[in-house]
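Reading through the structure tokens given below for one structure.
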Amino acid sequence: MAFEIQVLGRVDLLIDGRAVPLGGSKQRAVLAMLALRANRTVSADELIDGLWGERPPASAAKNVQLYVSRLRKAIDANGSGARIVTRGRGYELRVADEVVDATRFERLVEEAAREPAGLARANGAAGAALELWHGAPLADVAEEPFASAEVRRLEELHLRAIELAIDAELAAGRHRKVIAELEALIAEHPTHERFHAQRMLALYRAGRQSDATEAYREASRTLVAEIGGGPGPELRELQEAILRQDPALDARPLQQELPRQLEGGSPLLAGRERELRWLHKRWAEAERGGARVALVGGPGGIGKNRLAAELAAEVQRTGAAVLYAAGAGSPKAALEAIRAAERSERPTLVVLDDADDASPSILEAASALAAGSRDSAVLLLVLHRDEQGPPAFAEASQRLLLRSLRTDAAVEIAELYAPAEGTAMPPDTLMAESGGVPLRIHRAASGWAQAQAAERLEVTVWRAASERGGLRAAEAEVASGVAQLQLARERTSLYLVAEPSDPPEPEVCPFRGLAPFNAAHAEYFF
């Protein structure tokens, strides 16, 4: 059962999206005060001050007890686990952290403020925070004494969330999009300098330097008229940077990573030079406002994704956005990628993979993207197995059908796997096994290289085993010779008496190794 307390707008207690009756404004105000300090004790005196200020009625304490009792029944009845507990002469609303919308709002604003510059997302923490805002906070209890301070605090947080969301839009290169929004915000908050600064930057990045300078003059006149003071340091420094056309003000492409489906792969794009030039032409046409969709077809393993990845890496280095939508994957993720392309103000490449398996909703959204009007370039690259491609793109004139590679290109790929020693895979064998299909070429060349390595390893192991066997035989022969020599010496000492004139026998202390020894060999060990 979904349970939520809202204060960003009207004060409401929602169960499964339906509002629970809360009575009059005083009772709603008590819920708001407890919710804004959820999981902390609020004393009865604080509640009385918040409801009546400096002139509480004689029945104030009993009234607070009554309001809390009614709220407790409303909350306990939903079975969510939330409850109001008594703490001495105070009360505590015990709820999960995400139950109160203001608590979530504050956390998201803090999270957005921590995002590194240039990496914030317009649909990230700041955008999620703004989605929680339903209007003026505490709207139906705004006249209660406690409310004014809380309303000011929450509205300041709201302005901060708007600033962060616009910063994210500017970082994403959507400066044209935010100009009108900023002008409306300035009309509502004429002394808010941060909005003036963001408007100046957006105008400058949109190529309207004179308008950006005039925006500074407008801000200066407004601030003097409203508060009697001129622009602060941020606005003055920004104006100076605009006048000298400081390169630091230019929009910098987001250093995003390529979608993982378009990363890696073979370091070599052999035999596809003509096809890659074809894709570059389609991209150039898209930048000029021409072709918006290009179809690349061919059977599985023919290299469609590898070709698309090569183009994606090259256009991303120029500052373009690259998005990936999988027709065979999650429809939600694919639709999110297409919607992100619709919002992008940068040149954008969208790769729709496995288009044969895409749902009608994905194909419809992709077709609308290609047909829609926008200021920046977009190229929808449709990868498909069927020779004709999805019917949704039947009118597309830009088509490329990938064929099998020639022998020389296949050999070039196979050389990636060629062993340092051993024979290379014969071209005839390579083509017979792979049919010139890149994926099968890689598998055949890899299999051949592994077989070659296994064969060399087998020879090496046999040789090592043979040499080890010879070594062991030699060791046995040495040990036997040593034993026989010792035995001969022992027998000599027993049976043969040396003549005094004979030179003494040299002392022998051989290393016996694995040869057996006994007490008779003690002299060699002591």
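The values are calculated or read from the model by the stated rules, or taken from the named source; none is laboratory data. Note that this is a predicted model, so its numbers are computed, not measured. No Cβ is skipped: glycine too gets one built from the backbone with ideal geometry, and neighbour counts run over all protein chains shown. These area figures cover heavy atoms from the full protein model, side chains too; ligands, DNA and RNA do not enter into them. Shrake-Rupley method; radii C 1.70, N 1.55, O 1.52, S 1.80 Å.
Points to keep in mind about this one:
- Glu285-Ser69 FRET efficiency (beta carbon distance; Förster radius 60 Å; 0.05 resolution): 0.25
- Projected area averaged over orientations for the range 333-439, convex hull of C-alpha atoms, nm²: 9.6 nm²
- For the range 180-336, fraction of C-alpha pairs farther apart than 19 Å, in %: 68 percent
- For Leu276, the shell of other residues with beta-carbons less than 14 Å away shows a net charge of +3, using +1 for Lys and Arg and -1 for Asp and Glu.
- Cβ-based net charge around Gly436, under 10 Å, with every Lys or Arg adding one and every Asp or Glu removing one: +3
- Residue-span extension gain [Ser361 to Asp250] - 0.36 nm each, minus C-alpha spacing: 36.2 nm
- Simple spin-label estimate for Ala187 and Ala371 in nanometres, 7 Å along Cα-Cβ: 3.4 nm
- Each label was represented as a point 7 Å from its Cα along the Cα-to-Cβ direction; for Lys332 and Arg277 these points are 4.6 nm apart.
- Counted by Cβ distance under 11 Å from Ala396, the other residues give a net charge of +2, where Lys and Arg count +1 and Asp and Glu count -1.
- Figure legend: label point modelled 7 angstrom from the Cα of Arg89 along Cα→Cβ; residues of the range 41-60 with amide N under 14 Å from it are 42-49, 60.
- A full extension of the chain between Leu439 and Ser148 corresponds to an added length of 98.0 nm, given 0.36 nm per residue minus the alpha carbon distance.
- Accessible area expressed per residue, the range 147-275, with surrounding protein chains retained (probe 1.4 Å, Å²): 52 Å²
- Net lengthening on full extension, Ser466/Ala19 (0.36 nm per residue, minus Cα-Cα): 152.3 nm
- Ratio of the Cα radius of gyration of the range 53-194 to 2.2 N^0.38 Å, where N counts its residues: 1.36
- Peptides 34-47, 230-243, 193-206 ranked from most to least packed give 193-206, 34-47, 230-243, packing being the mean of other C-beta atoms within 10 angstrom over each peptide's residues.
- Near the amide H of Val382, within less than 5 Å, lie the amide hydrogens of Ala294, Leu295, Val296, Leu352, all on another chain or at least 5 residues away, with H placed in the peptide plane.
- Here each label is just a point 7 Å from Cα along the line to Cβ, and for Ala432 and Asp386 those points are 3.7 nm apart.
- Think of a 1.4 Å ball rolled over the protein heavy atoms: the range 1-43 then has 40 Å² of accessible area per residue.
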